Structures are given as C-alpha cells and as structure tokens.
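Data first, discussion second: the structure below is written as structure tokens.
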C-alpha cells in the first residue's frame, strides 16, 4: 500500500466526490426537540479579538449548490431553515518561522493579508426551543473539484434529532474560483468539476472571490467568530449560541489537523473538533493565490495532534485511513485529557452509506464497503458535544491491530481485529474491508469491499436464524453500552442484520 502513487488516489478522491448530484434541503428526517441541555460547564477560554465577516444573503440563480451523493429525505420546512450567505472580509495567511514539527506543536505567525468573499450554507432549527445550543461548522470537501459535505451526510440523523445547527464553509479556492483538477473522471464534466461556483452559477455567485488556500484557515476562523458575534445579518436567525464545533472529512480532515496544531492556539474560536478520516500528514499552510494540492500532502511527514489546548479533539478513522493508502498509522498517538482516537473495524474511507445509489456503478471487483462508519460517527459527534458541554470525555477505544504496513491482523472471518467493534464484524455475514482488492481500479482504492461469507461458513457460525439474531442483538447492545453507537441508533443497527442469509 505504501508504494501506491499519489495520482491514483487523487483520481479516486475526485471520482468518489463527483459521482453525485447538486442538492439542497438534504436532511435525514424531521426535527425532534433537543435532548441536550444548554452548556453549563464550558471551560474558561480567552478568545482573542479579531475580524468578523460581513454577511449577506445569497439568492437567485439555480439555488444552493452543494454536492451530495446520498441526500436522504428533505428537511421539514416547518421545523428547519436552510439558507445561504456570502461572508466577506480580509483574511490573513500563516507561516512558520521554522520547520513544522511532527509533534503538532506549531508556532505560526501571520503573513500576507487579502480580501475574500466566500459562502456558507446554514441548516438550523426554525425554533429556539428545538436548538441544543451547538453549531457544527463543516470545512467543505473539495477533493473532486466541487464543494461537498460528506460529514453532513454521515451525521444528518444525529444533527437533526439532536437539534444542532450546521454550517458548511466554502473554505478553499477551487470550490469558489475553480482550478485544475489533477485527474479527471468520466463524470467530471457532468458535475462541473474544477469550474467553481462563480462560473457554474454566475447569477448567484459571481460576486464571490477567493485569494487562495493560504487564507482558508483564517476564513474558517472568521466564520466561527462571526457566528458568535453577528452583525446586521445573523446566519443563525437569532438562535442563542453556546458552543461551536468544527468537523471535516478526508481532505478537510487534513486541513483541520493543520488548523488544530497551528491556528486554534492563536484564534481559540472552536470549542471542539471532530476530525474524520485524516491521513498521516497535515495539510500545508499554502501559498497566496494557489490551491492546496492534496496529492502532494500524501507521503508527507506524519504529524500528531497537539494536546496542550483546551478544545478537545476526537479523531474518527476507518481501516482505509489507518493502514491503507492514507497511511495514518505512523501518526497514531495515545489518548489524553483532550484527545481521543476511534478506529472502526470493517469501515472504508468512502462507503455504501456515503455513496447511496451510485455505489453499484463503481464497477469494483467486489461491492463497496457497507460498514458501520455512520453509526459510530453519530456517537462520535454526541460524545464530543458531551465532552465540550459537560467535561465528560468519550470512552477509550482499542486500536486496530496492524500486523504489517498496509495489512491488518484478521479474525477467522477475514475481518480486522481490534478497533471499535460492532455486530456487523463480530456477528458477520460478510467480510468487510477498508483496503482495496488486488488490482483494483483507481476509483475503488478508497471504497474497500464487502465480500459474502460462504454458505458453509455461515452454517458453521449460526445453527439457526434465531441463534444469529440473538447474537447480533447481544453484540448491538454491547456496542451501545460501550458508547460507540447511540441508543437512538439501536433500531437502525439491528435492522442491518440479515437473517434471510442464514439457513433454517
């Protein structure tokens, strides 16, 4: 795995993001009253003063443009508000006065400044009574040359039922201005990859401009600061804000690693971080006027998350991320008072849940991974919120058992040992892997595989359907009790059982 070239991964990233449709109002269900009490035990944080953005509504054109493969049912407009705003101001870039250290304890200073005008997408409860006080800000992913919100897709169930507000930020240049997509796919032109919002819908987005990814980190800071102290236009519609969390998946997780290590100590605007599917390296600081090249980040220096801050960090990793091509394993670090690492067995960087109906069109040697990442992601967000609100840390998780670089120790059913365990790997009917099949096409590198166990193996494991269901239920309840799946997701996880595949 370590010998794979960067080009194929970038193609895979592009393909997995581009095989999608532009959508809005993409929530999973309707709101229920928030069950989390407003924060009462927030740590004392000194937030340095700094610039806020000027906010204005974005309307007209073709409507909100945001890529999502699996959108789910629309948000109930009587309970939820979806809107889009431009955010404008002057942002700073950052530089290091020496080499960036592998321990993550960056010492950055501000560099050049430049004007910007980008956009945010907001999904929030319409009623203050349904708001839990926490805003989750997602660094939108641009691996495929378009703005995408993968973590919203993974977490929509918990975001909606928990009463969160969600804000997606077009932090990087290519999403706004366009740019060179290093490797195009057969569907690139269909989604407008590399063209940027300004050119895809000038009637709505022509006024936007982005000075380069070197300024993305401060733009992300200014969005949080603006949510806390809005001017004439409040993107949250007057909701009383308690805490602001940051999250990002894949390329965005690389960027958030850099943000936590270097920018958060200076800005102190985020109260917690959910970093989902990062690689071993951190994103570069970037150069004014340029896009960050994600392919150049791969193979970079393995970099840990610093642990001397007040804002807790939960890193959620799949098999693909740890021992696969993203090569997180050399950056693995122990849990601490402000850090948790959850590595989930049987999961892939991009999976069937994220891809929705398009998963069948990938043409991979085996069906793409159908693992439980979204269930554990729900728990990760809930646990991070509890950690921030009340100081109660998430449970510690066992690490995946990496046998050799690029390989896991496997159980008798071919599933990885160690890590966060769920019934789909402990009471299996399939072998679920986050690593690609031999001679996989480039678009299947990140999608893992789902390979059915033989009828003979299933018969040996489960004398009857009742035996299988009883074991699946016990395993589900153990996972819920351990804190890695929410009780609210118990029924959905139980529905993943496949008793019809068991004889008798």
For the range 242-369, the percent of all C-alpha pairs falling in each 5 Å bin, from 0 up to the bin holding the max distance, is 2, 10, 19, 21, 18, 14, 8, 4, 2, 0
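Nearest 0.05, what FRET efficiency do residue 45 and residue 437 give at R0 = 45 Å with Cβ-Cβ as r?
On the way: r = 47 Å, r/R0 = 1.05.
Computed FRET efficiency for residue 45 and residue 437: 0.45.
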Relative to a virtual label point 7 Å from the Cα of residue 412 in the Cα→beta-carbon direction, which members of the range 437-464 show backbone nitrogen distances below 20 Å? 451-464
Quick one: pull the percentage of alpha-carbon pairs in the range 411-473 with a separation above 16 Å. 52
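Could you grab the Rg to Rh ratio for the range 44-156? Cα atoms only, Kirkwood for Rh.
On the way: Rg = 17.9 Å, Rh = 17.5 Å.
Rg/Rh: 1.02.
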Using Cβ contacts closer than 10 Å as the measure, can you line up 449, 295, 250 from fewest to most? 295, 449, 250
Roughly speaking, what is the centre-to-centre gap between the range 89-114 and the range 454-468 when only Cα atoms are used, to the nearest Å? 57
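If you restrict to DSSP beta bridges whose two residues both lie in the chain, what percentage is antiparallel, to the nearest 5? Provide the component values of the computation, followed by the final result.
Working: 37 of 63 bridges.
Of all bridge pairs located within the chain, approximately 60 percent are antiparallel.
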For the chain, find the longest principal axis of its Cα atoms and tell me its angle to the long axis of helix 465-482, 0 to 90°, nearest 10. 40
Computed P(r) (all Cα pairs; the range 276-340; 5 Å bins; percent): 4, 17, 24, 22, 17, 11, 4, 1
Label-to-label distance, nm, for residues given as residue 102 and residue 481 (7 Å Cα→Cβ offset): 4.1
Just to compare against my own numbers: the Cα pair-distance distribution for the chain, 20 Å bins, whole % per bin, please. 25, 60, 15, 0
Consider all pairwise Cα distances in the range 312-504 and report the whole-number % of them above 19 Å. 59
Taking 7 Å along the Cα-to-C-beta vector as the label spot, tell me the residue 180-residue 491 distance in nanometres, rounded to one decimal. 5.3
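Run the numbers for residue 503 and residue 74: contour at 0.36 nm per residue of separation, minus the present Cα-Cα distance, in nm.
Details: separation 429, 0.36 × 429 = 154.44 nm, distance 3.87 nm.
Length gained between residue 503 and residue 74: 150.6 nm.
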Between residue 464 and residue 207, what is the spin-label point distance in nm, taking each point 7 Å from the Cα along the Cα→C-beta axis? 6.9
Please work out the FRET efficiency for the pair residue 308 and residue 454, using the Cβ-Cβ distance as r and a Förster radius of 56 Å; give the result to the nearest 0.05. 0.65
Over what distance in Å are the Cα centres of the range 272-310 and the range 477-504 separated? 34
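No lab work stands behind these numbers, since they all come straight from the coordinates. Predicted, not measured: the structure shown is a model, and the values here were computed from it. Positions of Cβ are generated from backbone atoms using ideal geometry, with glycine treated the same way; all protein chains shown enter the neighbour counts.
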